[in-house]
Amino acid sequence: MDLGDFLWTLLVIYFIFFFFMILFRIIGDLFSDHETSGWAKTGWILFLLFLPWLGILVYLIVRGKGMTERSIAQAEAMQAAQKDYIRDAAGTGTDPAAQIAKGHELLSSGAISQQEFDALKAKALA
């Protein structure tokens, strides 16, 4: 195998990888869209199955903006859920008694010092 064959093989592998990456992204978006009916999803899948390159291009042109909006909404929902989880795990919710109790647990386990517990308690009572 000479250098030219190697480069062509590398290019073909790149395009195959690129094709499957886009295809799986489109299929994931298609099934995460709750507003699209089952028949429409079936139609898109058949279109992607029998005319894959044309199906990918048409899908990205027709539904590309919605694809981006759904992706952004999903990322924002995950970020909000992560913030809620961190706030709840840190005991910084709205209930001061729960915050103080969580702080006392951390103090008892040795995870925080007395000064950190006092600061947490003052913040909870403020």
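Remarks
- Taking the listed residues ALA101, ALA80, ALA122, the one that is more than 23 Å from the chain's Cα centre (by Cα), assigned to a helix (DSSP H, G or I) and surrounded by 10 or more Cβ atoms within 10 Å (Cβ to Cβ) is ALA101, with no other qualifying.
- Verdict on SER32 being polar (S, T, N, Q) and surrounded by 12 or more Cβ atoms within 10 Å (Cβ to Cβ): yes
- Flag if THR42 is farther than 30 Å from ALA126 by Cα, of a type in the set (Ser, Thr, Tyr) and modelled with pLDDT of 95 or more: yes
- The set of residues from the stretch 46-65 being within 24 Å of the chain's Cα centre (by Cα) and either part of a loop (DSSP other than H, G, I, E, B) or over 16 Å from PHE19 (Cβ atoms) (or both) comprises ILE61, VAL62, ARG63, GLY64, LYS65.
The values are calculated or read from the model by the stated rules, or taken from the named source; none is laboratory data. Note that the structure is predicted; figures quoted are calculated from it, not measured. Cβ atoms come from the backbone with ideal geometry, glycine included; neighbour counts cover every protein chain shown.
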